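Colleague: The structure is given below, and queries will be raised subsequently.
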Amino acid sequence: MKSDGDKMKLSDIAEFNPKESLKKGVMAKKVAMDKLQPFCRDISEVSLEKFLGGTKFRNGDTIMARITPCLENGKISLVNLLNDGEVGFGSTEYIVFRAKKGIVDSDYLYYLICSSKVREPAIKSMVGSSGRQRVQMDVVKNIVVDVPDIEEQRKIAGILKCLDDKIQLNKAINDNLYQQLDTIYRATYPYLPSDELPAGWNCVPLGTLCDSISIRHSFDKEKLVFLNTGDIENGHFLHSTYSLVQDMPGQAKKSIKTNDILYSEIRPINRHFAFVNFQADDYVVSTKLMVIRSREMDSHRLYHFLTTQDVINELQIEAESRSGTFPQIRFENVQRLPIIIAPPDIELQFTQILKDYYNMIDNNICENQHLVSLRDSILPKLMSGELDVSEFDI
């Protein structure tokens, strides 16, 4: 068992929203709320923007969303994308935690904030109008936690960090695989729709090769997995949690099946799309997700085309040309996209390459899902002392 440690308030071991100097109008790295992935240590990307306000932080700080439903969805990350001494900023809806030196390890603090010891009382403290509830800072500051000695903290954090490091490595490998695919694709299909194509090559509207499917789910079970537009991103399904059908929103209607492509109607540039490579009878999706089903083309080939940056940019332009609250597209926009079709032997060769690459990508995604499950199962056991780390050498 771990040592009992001292019982301390969270404010005794961490600074809350530490003061940093960042002049208004200067360009600085910003971490937007949508760049925090659920229960993911690493931040996916930052943007360079003028600082006009918001919370400020440095590498090693933990940022936690304080607003519903972001906190419930697990939006807590460890800042690690800044240079030494650099100050970044983000949403006013963050709470920033900075480890007090000599008292708590910064990695351990991150995992402590992620644990139920902090998240659950923080969520219970939320007040405000429905849909805009926020964590009460004073309640979080006064949460009492067991604080083991610094060496034991580092051992606990080290175990969890190894898992998160592997998760991040798999993501980096997948990013590299996507880049390789893009290079191969551009070399295989060097022509533009406006070019005069060689014999055997064709350019056709995408609508001749696929359909938009809208089949109402049978709702034959008490619980199903509901996917909204924000529940898929860049090929990833962000959850597989079952919920009561009676509690689902009105837009939970469509059924899906293996080899379908899910593509958000809202802001294509946000990359809310995914390929269904599993048995999906228990899944129901939002009416704001297009369900695109291939008719005459291999599904992987169709998915790859729809997720190329050129296509995303074209659809985003069309979305922004429409009037309405959100930049939005319809299947008619997808139907009109021109796609170049190579001779059968080239199509067959490229499709096989696609399948090989997506198989590697899917294997890494699957491994990450297992690693996340393992990390989340041992985190509370490590924090409670149920797992003894005294013999670990990290």
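The values are calculated or read from the model by the stated rules, or taken from the named source; none is laboratory data. Bear in mind that the values here come from a model prediction, so they are computed numbers and not experimental data. Glycine also receives a Cβ, built like all others from the backbone with ideal geometry; neighbour counts cover every protein chain displayed.
Colleague: Identify the single condition in (1) of a type in the set (Phe, Trp, Tyr); (2) more than 27 Å from Leu163 (Cα to Cα); (3) under 21 Å from the mean Cα position of the chain (by Cα) that Phe51 does not satisfy, given that it satisfies every other one.
Modeller: Going through the list (1) of a type in the set (Phe, Trp, Tyr); (2) more than 27 Å from Leu163 (Cα to Cα); (3) under 21 Å from the mean Cα position of the chain (by Cα), Phe51 breaks only (3).
Colleague: Next question, about the same structure. Does any residue in the stretch 375-394 that is in a loop (DSSP other than H, G, I, E, B) come within less than 9 Å, Cβ to Cβ, of a residue that is among the acidic types (Asp, Glu) and surrounded by fewer than 17 Cβ atoms within 10 Å (Cβ to Cβ) six or more places away or on a different chain, and which pairs are these?
Modeller: These pairs meet every condition: Gly385/Asp4; Gly385/Asp146.
Colleague: Tally the residues that are within 21 Å of His300 (Cβ to Cβ), part of a loop (DSSP other than H, G, I, E, B) and touching a Leu at 6+ places or on another chain (Cβ under 7 Å), restricting the search to the stretch 260-283.
Modeller: Total meeting the criteria: 1.
Colleague: From the list Leu22, Leu71, Leu81, Leu52, pick out the single residue that is assigned to a loop (DSSP other than H, G, I, E, B), in contact with a helix residue (DSSP H, G or I) (Cβ under 7 Å, 6 or more places away or on another chain) and either among the aliphatic types (A, V, I, L, M) or more than 19 Å from Val118 (Cα to Cα) (or both).
Modeller: Result of the check over Leu22, Leu71, Leu81, Leu52: Leu71.
Colleague: Between Asn234, Asn277, which is modelled with pLDDT under 95 and in contact with a Lys or Arg (Cβ under 6 Å, 6 or more places away or on another chain)?
Modeller: Asn234
Colleague: Another question, if that's okay. What pairs can you find where one residue is in the stretch 239-252 and loosely packed, with under 12 Cβ neighbours inside 10 Å, the other is assigned to a strand (DSSP E or B), and their Cβ atoms are less than 7 Å apart, with a gap of 6+ or different chains?
Modeller: If the second residue must be assigned to a strand (DSSP E or B), the pairs left are Thr241/Val225; Leu244/Lys223.
Colleague: Among Lys257, Lys166, Lys155, Lys161, which is among the basic types (Lys, Arg), touching a Leu at 6+ places or on another chain (Cβ under 7 Å) and either not assigned by TED's automatic domain parsing to the domain that holds Asn313 or not in a helix (DSSP H, G or I) (or both)?
Modeller: Result of the check over Lys257, Lys166, Lys155, Lys161: Lys166.
Colleague: Turning to a different aspect of this structure: Would you check which residues across the stretch 42-85 are surrounded by fewer than 17 Cβ atoms within 10 Å (Cβ to Cβ) and under 18 Å from Val140 (Cα atoms) and list them?
Modeller: Listed by number, the residues that qualify are Pro69, Glu72.
Colleague: Can you tell me how many residues within the stretch 342-374 are without any contact (Cβ under 8 Å) to a residue 24 or more places away in the chain and of a type in the set (A, V, I, L, M)?
Modeller: The total comes to 1.
Colleague: Here's something else I'd like to know. Considering only residues that are touching a Leu at 6+ places or on another chain (Cβ under 8 Å) and loosely packed, with under 12 Cβ neighbours inside 10 Å, which ones fall in the stretch 169-223?
Modeller: Within the stretch 169-223, Glu222 is the sole residue that qualifies.
Colleague: Among the residues of the stretch 283-306, write down those that are farther than 13 Å from Leu206 by Cβ, surrounded by fewer than 20 Cβ atoms within 10 Å (Cβ to Cβ) and out of contact with any Lys or Arg (no Cβ under 7 Å at 6 or more places or on another chain).
Modeller: Across the stretch 283-306, the qualifying residues are Lys288, Asp298.
Colleague: Here is a further query. Is it true that some residue in the stretch 100-114 is at pLDDT 95 or above, more than 16 Å from Ile13 (Cα to Cα) and under 18 Å from the mean Cα position of the chain (by Cα)?
Modeller: Looking for residues that are at pLDDT 95 or above, more than 16 Å from Ile13 (Cα to Cα) and under 18 Å from the mean Cα position of the chain (by Cα), one finds none in the stretch 100-114, hence no.
Colleague: Evaluate the stretch 46-60: report whether one residue or more is free of Cβ contacts under 8 Å to residues at least 12 places away in the same chain, at negative phi and not basic (Lys, Arg).
Modeller: No.
Colleague: So for the stretch 219-231 (the condition being more than 13 Å from Val284 (Cα to Cα) and either outside any helix (DSSP H, G or I) or in contact (Cβ under 8 Å) with a residue 24 or more places away in the chain (or both)), does at least one residue qualify?
Modeller: Yes, some residue in the stretch 219-231 is more than 13 Å from Val284 (Cα to Cα) and either outside any helix (DSSP H, G or I) or in contact (Cβ under 8 Å) with a residue 24 or more places away in the chain (or both).
Colleague: If you don't mind, there's one more thing I want to ask. Mind listing whichever residues of the stretch 17-45 are among the polar types (S, T, N, Q) and either outside the structural domain of Arg98 (by TED's automatic domain parsing) or touching a residue at least 24 places away in the same chain (Cβ under 8 Å) (or both)?
Modeller: Listed by number, the residues that qualify are Asn17, Ser21, Gln37.
Colleague: For the condition surrounded by fewer than 23 Cβ atoms within 10 Å (Cβ to Cβ), more than 23 Å from Met383 (Cα to Cα) and touching a residue at least 60 places away in the same chain (Cβ under 8 Å), what is the one hit in Arg98, Arg134?
Modeller: The unique qualifying residue is Arg134.
Per-residue answers, yes or no, for (1) under 30 Å from Pro148 (Cβ atoms); (2) of a type in the set (Asp, Glu); (3) surrounded by 18 or more Cβ atoms within 10 Å (Cβ to Cβ):
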{"residue": "Pro343", "(1), (2), (3)": "no, no, no"}
{"residue": "Asp362", "(1), (2), (3)": "no, yes, no"}
{"residue": "Cys366", "(1), (2), (3)": "no, no, no"}
{"residue": "Ser377", "(1), (2), (3)": "yes, no, no"}
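Colleague: Moving to a separate point now. Pick from the stretch 309-335 the residues that are surrounded by fewer than 15 Cβ atoms within 10 Å (Cβ to Cβ) and not in a helix (DSSP H, G or I): which of them is nearest to the chain's Cα centre (by Cα)?
Modeller: Once the filter is applied, the top-ranked residue is Phe326.
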